[in-house]
Amino acid sequence: MTGLDPSLRAGVAEGSLDARPSVTVVVPTHNRPQLLAETVQGLLDQDYLGHVEVLVVFDREDPVRPDVSVPERRVLRLLRNDRTPGPAGAYNVGAMAGTGDYFALCDDDDQWLPDKLRLQVEALERRPDALFATCGIYLGDGRAIAGNRARVPAKEVLTMPDLLSSARNELHSSTFVVRREAMIREVGLVDEQIPGSYGEDYDWLLRAARVSPVIAVRKPLVRVRWKYSYFADRWSTIIEAIDYQLERRPELKEQPANLARLYGRLAFAHAALGHRSEARRCARMARKLDWRQQRTWLAYLVAYRLIKPQTVLRVAHAFGRGV
């Protein structure tokens, strides 16, 4: 483990590794070989002293080993998603195949900072009542951190109201670390029935918050490449997924501002599809809950063809926002 600093190498020499929890990291991937190699190497090079296995789950493609070096006490395994196509199925393949005490997620184009895993495991070890940990992110285009935007959780212990009031891209799936067996037993696997796996990670987070506190390391420890979303113009899938979650997750309706965001997304998606009456209906509901919800006004502009939805997406993307 030549990448470790002297104090960590001393810990290895003293045999302090065996007492540390093992970690499984799952990386769902589809058609991103170059970015995948960068991501996986960063996971393998974490300064965490315990055993780490990285499971790369190939979705709708044959497994191909990324060009990485595997240090001591690290394992790289390649799996195929034989469950539901998409992130939810891939996460669950990894959850069931993993052997670690802890289970972490990372997108195939994001990068962990070297101390990410160590700090989150330490935080969870201090709170045995917690199942789930997150952390802050650098949100940008994948270039130097100096040009990226830092987004950090507001509190060290997040409750359901905190999660509902946070922007979804601030609680990114690449920050998640959970107690693997307890999470599967008490919360369950990621919901593969959510249409298109839209918001499946946020759904899993909310389900975890029902049964335990969510611990946050208030430092940006992941570089998230802000890219053009896979769902950017899949408006029908977005509508189906939000309707699905509203029907099954009553907590989504508990906070007016959060519900207004969801209705705002529905309004914009309907407007983009040309469903003017439905867009107006959802926009009215969002405005009644929170008149500041910007998506409602954008939905009106798109519904009446005063602006194209793609234009709104490009501008939102430039500012690190979604629609």
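Do the conditions hold for GLN245, that is, is it under 19 Å from LEU206 (Cβ atoms), out of contact with any Phe, Trp or Tyr (no Cβ under 9 Å at 6 or more places or on another chain) and not charged (D, E, K, R)? Before the answer, list the steps.
Numbers: under 19 Å from LEU206 (Cβ atoms): yes; out of contact with any Phe, Trp or Tyr (no Cβ under 9 Å at 6 or more places or on another chain): no; not charged (D, E, K, R): yes.
Judged against the criteria, GLN245 is not a match.
Considering only residues that are over 17 Å from GLU72 (Cβ atoms) and at pLDDT 95 or above, which ones fall in segment 9-37?
Scanning segment 9-37 gives PRO21, THR24, VAL26, VAL27, PRO28, THR29, LEU36, ALA37.
Considering every residue within segment 238-245, establish whether at least one is within 30 Å of ARG127 (Cβ to Cβ), surrounded by fewer than 21 Cβ atoms within 10 Å (Cβ to Cβ) and not polar (S, T, N, Q).
Scanning segment 238-245 turns up no residue that is within 30 Å of ARG127 (Cβ to Cβ), surrounded by fewer than 21 Cβ atoms within 10 Å (Cβ to Cβ) and not polar (S, T, N, Q).
Looking at segment 249-266, I want the residues that are on the phi < 0 side of the Ramachandran plot and part of a helix (DSSP H, G or I) and have a partner that is modelled with pLDDT under 90 and aliphatic (A, V, I, L, M) with Cβ atoms under 6 Å, at least 6 apart or on another chain. Which pairs are those?
Sorted first by the residue in segment 249-266, then by its partner, the pairs are ASN258/LEU164.
Criterion first (under 28 Å from the mean Cα position of the chain (by Cα), of a type in the set (Val, Ile, Thr) and not in a loop (DSSP other than H, G, I, E, B)) does VAL302 satisfy it?
No, not satisfied.
Within segment 246-271, can you find the residues that are farther than 20 Å from SER197 by Cβ and either open to solvent by 30 Å² or more (accessible area, probe 1.4 Å) or in contact with a strand residue (DSSP E or B) (Cβ under 7 Å, 6 or more places away or on another chain) (or both)?
Of everything in segment 246-271, those that are farther than 20 Å from SER197 by Cβ and either open to solvent by 30 Å² or more (accessible area, probe 1.4 Å) or in contact with a strand residue (DSSP E or B) (Cβ under 7 Å, 6 or more places away or on another chain) (or both) turn out to be PRO250, LYS253, GLU254, GLN255, PRO256, ALA257, TYR263.
Name every residue in segment 210-222 that is within 27 Å of ILE238 (Cα to Cα) and modelled with pLDDT under 95, in order of residue number.
ARG210
For segment 50-73, which residues satisfy the criterion of being surrounded by fewer than 18 Cβ atoms within 10 Å (Cβ to Cβ) and either under 25 Å from ARG118 (Cα atoms) or aliphatic (A, V, I, L, M) (or both)?
Hits for segment 50-73 are VAL64, ASP67, SER69, VAL70, PRO71, GLU72, ARG73.
The values are calculated or read from the model by the stated rules, or taken from the named source; none is laboratory data. Just so we're clear, the structure is a prediction, and the values are computed from it rather than from any experiment. Counting neighbours? That spans all protein chains shown, and the Cβs are built from the backbone with ideal geometry, glycine included. For accessibility, only protein heavy atoms count, side chains too; no ligands or nucleic acids. Shrake-Rupley method; radii C 1.70, N 1.55, O 1.52, S 1.80 Å.
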